[in-house]
Structures are given as C-alpha cells and as structure tokens.
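The values are calculated or read from the model by the stated rules, or taken from the named source; none is laboratory data. Computed from a predicted structure; not experimentally measured. Here the Cβ positions follow ideal geometry from the backbone for every residue, glycine too, while neighbour counts run over all protein chains shown.
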Amino acid sequence: MSAADPPSSPSSFNLADVWEAVADRIPERTAAVCDGTRRRYVELEERANRLAHWMVDRGVAPDDHVGLYLTNGIEYLEAMLACFKIRAVPINVNYRYVAGELRYLFDDADVVGVLVQPEFGLRLAEVIPDLPELRWSLMLGDDYEAALAESSPERDFGARSGDDRYVIYTGGTTGLPKGVVWRQEDAFFACIGGADPTRQEGPVSTPAEVIDRIMDGAVVFLPVAPLMHAAGQWTVLSWLFAGGTVVLLPGSLDALAVWRTVETERVNLMTVVGDPVVRPLVDAWVAEGPFDVSSLFSIGSGGAPLTPSLKDQLVALVPKAAVVDGFGSSETGAQGSQRFETGSTSGGVTAFIPYPATTVLDEVTRHPVEPGSEVVGRVALRGRVPLGYYNAPEKTAETFVEVDGVRWVLTGDMATIELDGTIRLLGRGSGCINTGGEKVYPEEVEGVVKTHPAVYDVVVVGVDDERWGQRVAAVVEAVPGYTLSLDELAAFCRASLAGYKIPRSLFTVDKVERSPAGKADYRWAKGIANSV
C-alpha cells in the first residue's frame with residue numbers, strides 16, 4: 001500500500017497502524033515544526049517510509065533495537081515512526097551520557113544500529129569498538145538526507161499487531177539505565193492516552209474510533225521536554241494521533257525562545273518539567289515580557305515538582321491557561337493528575353487524583369490500603385502494565401508482582417490514600433534524587449567519588465534547590481592529610497558521569513556515619529548537607 005491510497009481505519013492499536021490511518025485522513029495538515037522546518041502529515045509519513053526501507057536494507061528485522069542518539073527534532077519523530085513501521089524498537093538514548101554510560105546502555109539494549117547527531121559523533125566513535133552487535137550508524141545531515149533519497153517512499157511493510165514491542169529506557173535503582181518493555185497496545189492506552197490526549201473524554205474502545213477522535217482543526221502543542229524521555233514521547237504521539245501540530249525546540253532550554261514560539265506559532269498547549277523549566281520561563285517573562293499568550297489554554301507539568309510559589313507566578317502570567325500537574329512513570333504511564341488553583345499549598349503533585357487502575361498497596365499484605373486509614377504503602381497500578389524490564393528478570397520480579405491473580409506494577413513512591421480517594425505522596429522508597437526531572441541514584445555517584453585518591457568514604461544525598469528541585473550533594477570523609485575542593489571533585493567525576501549527576505555541593509566530615517552492617521546513614525547525611 002502506498003501513502004497515496006484511500007484512507008482507512010487502523011486495524012489494531014499498533015502505533016504504526018494508528019499513525020498511518022491518521023496521516024491518510026489529514027495529509028495536508030502540518031504535523032511538525034522545528035527550527036524553521038515544517039512537515040505536513042503526508043511528508044512525515046513519506047520520510048518515515050523511506051527511513052524504514054533504508055533500515056530494512058541494512059538488515060533491521062522485527063524486534064531489533066535501534067538507538068536514537070538525538071536531541072529534539074523532526075528526525076526523531078521520523079525515526080520512531082520508521083521503527084514502528086517495520087516492527088523494530090526505537091531506543092531512547094540520553095544524549096548527556098558520557099562514554100561509559102553509553103557503552104552500558106547500547107550493550108544492555110542490544111542495539112543493532114543508531115541514528116546520531118553530528119555533535120555526538122566523536123563520543124559514539126569512542127564506544128563503537130566495544131559494541132560488536134552495533135552494525136551501522138547514520139548521522140543526521142547530508143548522510144541522513146542521502147539515505148532517505150535513495151530509499152523507497154512506498155508503504156509496503158508486513159502486518160503488525162498490538163503485541164509489537166515499545167521500550168523506554170529509564171534510570172535504575174543502581175543508577176544504571178533499564179528498559180521498560182510495553183506491548184504497543186498497552187502503551188497506546190496507558191502512556192499515550194488511548195486517543196484522548198486531554199484525559200477527559202475517555203479512551204476509545206475500537207481502533208476505528210481513533211479516526212473519529214481526530215480534531216477538526218489542528219491543536220498546536222509545544223513540549224518543553226526532551227523526546228529522549230518518556231513524557232516527551234508520550235505527549236507528542238498523543239497529539240499527533242489526534243491530528244495536532246507539534247512544535248519542537250532544538251537544543252537546550254531557551255526560555256525566551258519558548259515564549260516567542262508560543263507567540264509566533266500560536267501554541268495552544270504546552271508541557272513543562274516542573275520548577276527547572278518554569279523558573280526560567282518566569283525570569284524570561286520578567287526580563288523581556290510581556291508576550292502574547294492569548295492562544296495558550298493549557299500548561300501541563302510533570303517529571304519534577306512544581307512548587308506553589310512558582311505555580312502562582314505562572315498562573316498570574318497566563319491567567320487564561322489551566323495549569324495541570326501529572327503523575328506517572330516509565331513503568332506505569334499516566335497515573336493521575338491535579339489541577340492547580342491559585343494559592344494552593346499542595347506543593348506540586350504531593351497529592352493527586354488517581355486514575356481508576358492506580359492505588360496504594362500495603363507493604364506487608366500487598367492489598368489496597370483502606371482510604372482514610374493513614375496506612376503507608378507503595379503506589380501501584382494494575383491493568384495495562386508493562387511486560388517487565390529488558391534483560392533484567394530479577395528486577396522485573398521485584399517490580400511486577402501478582403496478588404490474588406492480579407498483576408501489579410509497584411512504584412518506588414510511598415503514599416497514603418485519603419477518604420476522598422486522593423493519593424498523598426510521602427517520598428521515594430529509596431534515596432533517588434530528582435534533579436530537574438533527571439533521576440540520580442546515590443550508589444552510582446558514590447562509586448565514582450570513592451575512586452578519587454583523596455576520598456576515604458562518601459554518602460551522596462539530594463538537597464533542596466530552588467531551580468532544580470534537588471541538587472546532588474556529597475558528604476565526604478577525606479583520606480588523612482588530603483584536602484578536596486568541590487571544583488576538583490566535579491572535574492574528576494565529569495569523566496565518568498553525566499553532568500546532572502555530578503555533585504554540586506561538598507561537605508567534609510571527620511567520619512561518615514554508617515550502620516553496624518555498613519549501610520550508609522542517609523538521614524544523617526541529609527542533616528549534614530542541610531545544616532549549612
């Protein structure tokens with residue numbers, strides 16, 4: 001079948017089937033905009049077909065994993081869609097990773113090929129000799145365009161199904177990334193909204209209904225979030241499947257560019273990553289505003305806390321836009337949301353209204369806790385949940401459990417349920433540090449810091465930070481006779497850790513406190529770090 005054939009309804013909840021049916025219905029509508037480039041649905045579809053054929057010619061087969069070592073751009077969308085079309089699996093690559101982290105990810109994910117941006121070429125070249133399974137790489141720019149030009153635009157791929165795999169990599173409890181494996185049909189509903197991007201109309205019941213949900217006119221959506229993370233991918237796909245126009249911003253966050261893009265593209269909806277994004281947006285408005293945001297009617301936040309004071313400032317700047325905070329994870333999809341009201345003291349998503357399949361399970365009995373009982377348990381989700389973690393059976397068994405014949409995914413969030421059904425979060429079940437929406441696990445950072453010749457012992461914790469929510473802090477016991485500065489420690493860590501994992505605060509102590517079993521006393525370390 002070619003892209004010019006008559007429109008049809010999707011035959012399944014496979015992501016490629018859904019995309020193709022939507023693209024056939026609205027071929028001339030603008031699908032994506034980035035850095036001056038505009039692609040109509042028909043153009044995005046054709047280019048994805050060409051890339052899919054190019055990969056097939058390189059031996060990419062169903063279930064093969066293809067790395068996307070890219071920042072935000074239309075090519076990211078083309079690559080995801082191309083993989084879905086041939087039943088391959090796109091693997092999100094954190095472009096902040098240093099060589100060792102990349103090497104681990106590519107090896108763990110069994111990546112057979114990778115699309116890469118030119119600025120990451122040298123780093124990729126450094127790890128390629130250690131990755132015998134990596135058969136090819138394709139660099140954006142002239143090489144990428146030549147690859148598309150030489151390949152077929154036809155849509156002549158084999159049958160697909162909702163059982164095809166979708167994998168999203170996220171941080172692990174040891175700091176190492178792990179791949180969450182979803183059936184595409186389950187991801188379509190749990191992560192992408194089931195053809196209901198606003199989560200208000202309710203999901204569709206049949207694939208054919210997806211076409212009925214295409215909006216009459218394009219809604220313009222701006223994700224101020226990277227496509228290398230789950231939230232960026234999920235929100236973009238949800239609006240493309242609804243017939244929206246997605247506006248992508250390349251490179252690092254430029255708050256002034258965000259507001260100017262809202263003006264020029266007449267953006268209707270925007271997603272942000274809590275305080276790390278909202279604070280620069282507020283600062284840019286104060287310095288350069290006001291801006292015309294009359295088109296904007298919704299701002300969603302997720303991935304990091306949004307504090308009440310910043311929320312109030314944002315509401316004052318865009319009073320006609322609803323500010324909605326979402327709660328979820330790579331292992332659960334969306335679990336709930338909260339609409340902020342001016343003057344709220346909720347502190348971001350500390351409390352949220354759960355979707356029906358989300359609850360809190362008692363840590364001992366593994367049964368749902370009674371609302372209003374004040375029993376503390378772990379936030380959990382049943383129903384459409386992932387198959388598990390890729391190449392990690394032990395971690396899968398810990399996180400995905402069966403209770404009385406019902407399969408649950410257990411998150412790391414501890415919480416209680418109030419009488420009205422609201423879930424109130426109490427904190428992570430581990431020492432995970434959330435800095436700007438990025439997960440940092442103390443054990444990984446500690447392992448690197450301990451290799452410094454001046455460090456005898458160390459405990460790493462998160463401390464409060466106005467912009468990033470938390471920052472990484474190291475409480476260090478130095479080797480006798482040695483001194484250590486923060487700059488020296490940061491420079492040392494930079495060779496082994498991504499920038500967001502590097503300690504931003506250093507506290508030296510005479511002795512690091514540990515339990516009799518040798519476990520770090522994180523409560524003590526937090527007290528030291530927060531005492532200054």
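Key figures
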{"item": "G179 being of a type outside the set (S, T, N, Q), assigned to a loop (DSSP other than H, G, I, E, B) and touching a residue at least 12 places away in the same chain (Cβ under 8 Å)", "result": "no"}
{"item": "Subset of segment 272-327 (residues that are touching a Pro at 6+ places or on another chain (Cβ under 7 Å) and of a type in the set (D, E))", "result": "D275"}
{"item": "Odd one out for R467, checked against (1) of a type in the set (D, E, K, R); (2) touching a residue at least 40 places away in the same chain (Cβ under 8 Å); (3) part of a strand (DSSP E or B)", "result": "(3)"}
{"item": "Some residue of segment 434-443 being assigned to a helix (DSSP H, G or I), more than 30 Å from L310 (Cα to Cα) and in contact with a Ser or Thr (Cβ under 9 Å, 6 or more places away or on another chain)", "result": "yes"}
{"item": "All positions within segment 69-92 that are in a helix (DSSP H, G or I) and touching a residue at least 60 places away in the same chain (Cβ under 8 Å)", "result": "I74, E75, Y76, L77, M80, L81, F84, K85"}
{"item": "Criterion: within 17 Å of the chain's Cα centre (by Cα) and outside the structural domain of G303 (by TED's automatic domain parsing) - qualifying residue of V236, V247, V219", "result": "V236"}
{"item": "Residue count, segment 109-147 (criterion: touching a residue at least 60 places away in the same chain (Cβ under 8 Å) and touching a Pro at 6+ places or on another chain (Cβ under 7 Å))", "result": "1"}
{"item": "Selection status of V98, among the β-branched types (V, I, T), buried (at least 18 other Cβ atoms within 10 Å of the Cβ) and closer than 19 Å to Q184 by Cβ", "result": "no"}
{"item": "Positions within segment 444-464 being of a type in the set (S, T, Y) and outside any strand (DSSP E or B), in sequence order", "result": "T451"}
{"item": "Residues that are within 30 Å of A99 (Cα to Cα), in a loop (DSSP other than H, G, I, E, B) and not β-branched (V, I, T), drawn from segment 482-531", "result": "Y482, L484, S485, A495, S496, L497, A498, P503, R504, K519"}
